[in-house]
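Okay, so here's the structure we're looking at.
The values are calculated or read from the model by the stated rules, or taken from the named source; none is laboratory data. Values in this document were obtained by computation on a predicted structure and should not be read as measured data. In this analysis, Cβ positions are derived from the backbone assuming ideal geometry, glycine residues included, and neighbour counts consider all displayed protein chains. What goes into the accessible areas is simple: the full protein's heavy atoms, side chains included, and nothing from ligands, DNA or RNA. Shrake-Rupley method; radii C 1.70, N 1.55, O 1.52, S 1.80 Å.
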Amino acid sequence: MAGRIDRHPILGKRKAKEEVEIIFNGKKIKAEKGEMIAAALQAKGIRIHRFTIKNKEPRGVFCGIGQCTDCAMEVNGQPNVRTCVTPVEEGMVINTQYGLNRDGDNID
Amino acid sequence: MVIILIKMEMVVIGAGPAGLSSAIEAAKEGVEVLLVDENLKAGGQLFKQIHKFFGSSDHRAGVRGIDIGKELINESRKLGVNIWLNSIAIGIFDDKNILIKQNKNGRESLKRVQADKIIIATGASEKVINFTNWTLPGVMGAGAAQTMINVHRVLPGDRFLMVGTGNVGLIVSYQLIQAGAKVVGLIDAAEEVGGYGVHAAKIARKGVPFYLNHTIIKADGNNKDGVTGAVIAEVDDNWQPISGTEKELKVDVITLAAGLKPLSELANMAGCKRTYISELGGWVPLHNENMESTVSGVYVVGDVTGVEEANTALEEGRLAGIDAAEKLGRIAAKESNNKKKNITKRVKNLRLGPFGENRLKAKEKLIKEYYELTDKDCREKYDPVKAMEHQSGEKIKRISVDHIDKTQGPVAVIECNQEIPCNPCELACKFGAIEIGEPITNIPILNEEKCTGCGLCLPQCPGLAIFLIDKSYSSDKSTVAFPYEYKHIPKKGDIVDAVDRQGNYLCKAEVVKVLQLEKFDKTPIVTISVLDKYIDDARNIKMSD
Amino acid sequence: MKDDVIVCRCEEVTLGEIKEAIEAGARTVTDVKRRTRAGMGLCQGKSCEIIVQRQLCKQLNLSSEEAHPARDRAPVRPISFGVLGDEYND
């Protein structure tokens, strides 16, 4: 089942972790303290992180280790933040990035 | 802007198994070490490896990667290794200066670290294959899926297609099943599974299908959901998809396990020479048996020198750490050699069997190329054969004067093969033996029947590209005449070194004639005699000091 | 493979554009980079360089050894102007 892995044969049972609240596209969602933004979003089934400049196509996690920048989103007002290597913080504002999030970049 | 300068005996870039073990070995001998890693945690890829390692007890076989990682980090801390995490070495400059973007307590600043020894342990990154719609969210590297499930404990989908059956593809498929996913299948264009049989057997006995001789045609999906399916097809002997064999698979994640390639940007910036060896992942920096690169004092260890496993990375790291400590005067050569000998023996044991043999041969080839390059003083050489080939478009093995007969007498040879606007040679020849015509960019053609061997064209060529060859000089010797516009002109009778088109020594030569005429306009023509076998290559001289 | 398949994910360069560049005279990875921007994006060719190399080999009949990678320059990871210009010393 997609989402958080509760039981794992090697990693064991998922321990309850301190929760933080983050805001994704205006909606409040719960995340585990210190986890990567991409993981918090994926746990809620969110895997579209941004839309490209030229073709306005969706992108999400590709390399998962901060090398490819496809997972980049606007975080606390700053664009191009690599969400797979950036931990969540209480009250963090995360928005889908359109192009470089400049005027005229919106998909509609 | 002021960048703080820090001096360090040794800087290790990359805190994976190779970097950690080199830092540990050096720190054991008292070397001051700075270990830098761009990630938030040290350990490199070890933290994704929840499976038990292969190898021998020396390599902690049977222990899970995550546990090995923890042990190494603890050991390095105890030995006093300085560790900067979340810090990126953004470049290596002259004199082993490294610019590091340090992140300390959330504050970023640039630090310049001047190191005596640098160990580059930057690892490898995933190769990709592309196909229609591969940019849809849900298509990711196998390593990305592995990070998600083993490090972040989040499963990025329900139904997975794994592309590639090397060890990464097999291991991650197994770990996906452990995490609760359904692996709908593994595909590989090859006809055999690429990784270890035992890894494949684990998933096969879970009922997971293997589609060998198959490739992925496209991902299906849309802008709202990302990947919703995949189309695969069988391939023929030329790796081309066979129409009519398409199969649609319902998946929401497609993981690519197409192999790994070294992340050698810093090594390349530091000037380390590299070579292409496909068994090691592609372009790899050269190194010797002590893991030192072609730049003295810069070592390369682990996956960046060839994609292998954590056990070889650990050993290579140890070799470099010990050698660097020896060169820094912290350990006697005898003790160092003993330690290195034991490690080298252990490494050889890891490179056995059908999988290891290829890597062993590849590493031997790499070390051989290292010595071939460094013995030549590491100079970049102009290769005239390649230049001629490139210009003429033909494949040339060597430039020769085979077409000249031993009894022929002197004849001109024009080594000018590019279309440049120039025709003094045509005008210089009184006998009309050189033809260029119009346009003057035409390549000069020498008509040997008209050439009298007078040599008047030699001083007239602005490119100094005409030589006069006389094979009839003696029964075993030939002469070559060439323009020589330098300060010290040899005299008739001098014995000099004859060199080839790259300045390499060929043989001793006698100067048989030196012509300095006013009409030559300060271009002396020197004629030397060499044994017949050198006449193809002797085109210049080096005078003894 | 269709010409509209993406090669460079960061700059959204297609296979067709790479082919055109090679037909127009590009002979190396750097030549292709300069004409199409493939390899100039945020990941600096980590994903696409190998695809460009494969295409060069295929289209120009080169061996892998002949398709040299592009030159690596600092910074090897994206870095903000703020960090470069910062006057913070500790």
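A few remarks follow.
- For B:Leu170: the one exception among (1) more than 14 Å from chain A (Cβ to nearest Cβ); (2) open to solvent by 10 Å² or more (accessible area, probe 1.4 Å); (3) farther than 21 Å from B:Gly229 by Cβ; (4) not hydroxyl-bearing (Ser, Thr, Tyr): (2)
- Filtered residues of segment A:62-89 (kept if part of a loop (DSSP other than H, G, I, E, B) and either away from chain B (no Cβ under 11 Å) or without any contact (Cβ under 8 Å) to a residue 12 or more places away in the chain (or both)): A:Phe62, A:Gln67, A:Cys68, A:Thr69, A:Asn76, A:Gly77, A:Thr83, A:Val88
- Residues located in segment A:48-61, provided they are β-branched (Val, Ile, Thr) and facing another protein chain (nearest Cβ under 7 Å): A:Ile48, A:Thr52, A:Val61
Conditions (1) modelled with pLDDT under 95; (2) within 30 Å of B:Gly329 (Cα to Cα); (3) away from every other protein chain (no Cβ under 13 Å); (4) within 32 Å of the chain's Cα centre (by Cα), marked per residue:
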{"site": "B:Gly106", "(1), (2), (3), (4)": "yes, no, no, no"}
{"site": "B:Ile120", "(1), (2), (3), (4)": "no, yes, no, yes"}
{"site": "B:Ala145", "(1), (2), (3), (4)": "no, no, no, yes"}
{"site": "B:Met148", "(1), (2), (3), (4)": "no, no, no, yes"}
{"site": "B:Arg159", "(1), (2), (3), (4)": "no, no, no, no"}
{"site": "B:Gly185", "(1), (2), (3), (4)": "no, no, yes, no"}
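- The requirement of being within 9 Å of another protein chain (Cβ to nearest Cβ) and either part of a loop (DSSP other than H, G, I, E, B) or without any contact (Cβ under 8 Å) to a residue 60 or more places away in the chain (or both) is fulfilled nowhere in segment A:90-98; no residue meets it.
- Among residues of segment C:1-39, those that are buried (at least 17 other Cβ atoms within 10 Å of the Cβ), aliphatic (A, V, I, L, M) and farther than 19 Å from A:Lys56 by Cα, counted: 6
- The residue that is farthest from A:Lys33 (Cα to Cα), counting only those in segment A:49-61 that are in a loop (DSSP other than H, G, I, E, B) and open to solvent by less than 10 Å² (accessible area, probe 1.4 Å), is A:Thr52.
- Restricted to segment A:24-47, and to residues there that are open to solvent by 60 Å² or more (accessible area, probe 1.4 Å) and charged (D, E, K, R), the residue that is farthest from the other protein chains (Cβ to nearest Cβ) is A:Lys28.
- Remark: B:Leu464 matches the filter, which requires a residue to be in contact (Cβ under 8 Å) with a residue 40 or more places away in the chain, open to solvent by 20 Å² or more (accessible area, probe 1.4 Å) and of a type outside the set (S, T, N, Q).
- The residues on offer are B:Gly19, B:Gly14, and the sole one that is of a type in the set (Gly, Ala, Ser), under 16 Å from B:Ala121 (Cα atoms) and within 14 Å of chain C (Cβ to nearest Cβ) is B:Gly14.
- Tallying residues that are open to solvent by 30 Å² or more (accessible area, probe 1.4 Å) and closer than 15 Å to A:Val93 by Cα within segment A:13-23 yields 2.
- Every pair of residues 6+ apart whose Cβ atoms lie under 6 Å, when the first sits in segment B:313-342 and is at pLDDT 95 or above while the second is aromatic (Phe, Trp, Tyr): B:Ala320/B:Tyr299
Per-residue answers, yes or no, for (1) touching a strand residue (DSSP E or B) at 6+ places or on another chain (Cβ under 6 Å); (2) of a type in the set (D, E, K, R); (3) surrounded by fewer than 19 Cβ atoms within 10 Å (Cβ to Cβ):
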site	(1), (2), (3)
B:Val208	yes, no, no
B:Lys224	no, yes, yes
B:Gly244	no, no, yes
B:Lys247	yes, yes, yes
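- Among the residues making up segment B:253-311, those that are acidic (Asp, Glu), touching a residue at least 40 places away in the same chain (Cβ under 8 Å), surrounded by 24 or more Cβ atoms within 10 Å (Cβ to Cβ) and more than 14 Å from chain C (Cβ to nearest Cβ) are B:Asp303, B:Glu308.
- B:Ser125 being touching a residue at least 12 places away in the same chain (Cβ under 8 Å), under 27 Å from C:Val7 (Cβ atoms) and of a type in the set (Ser, Thr, Tyr): yes
- Lone unmet requirement of (1) crowded, with 20+ Cβ neighbours inside 10 Å; (2) in contact with a strand residue (DSSP E or B) (Cβ under 8 Å, 6 or more places away or on another chain) for B:Glu315: (2)
- Verdict on B:Glu75 being acidic (Asp, Glu), in a strand (DSSP E or B) and open to solvent by 50 Å² or more (accessible area, probe 1.4 Å): no
- Residues that are open to solvent by less than 20 Å² (accessible area, probe 1.4 Å) and in contact with a strand residue (DSSP E or B) (Cβ under 6 Å, 6 or more places away or on another chain) were ranked within segment C:40-68; the one that is nearest to the other protein chains (Cβ to nearest Cβ) is C:Ile51.
- From the options A:Gly104, A:Gly91, A:Gly99, A:Gly66, residue that is in contact with a strand residue (DSSP E or B) (Cβ under 8 Å, 6 or more places away or on another chain), more than 28 Å from B:Asp158 (Cα to Cα) and at pLDDT below 95: A:Gly99
- Taken together, the residues in segment B:212-234 that are among the polar types (S, T, N, Q), assigned to a strand (DSSP E or B) and within 37 Å of the chain's Cα centre (by Cα) amount to 1.
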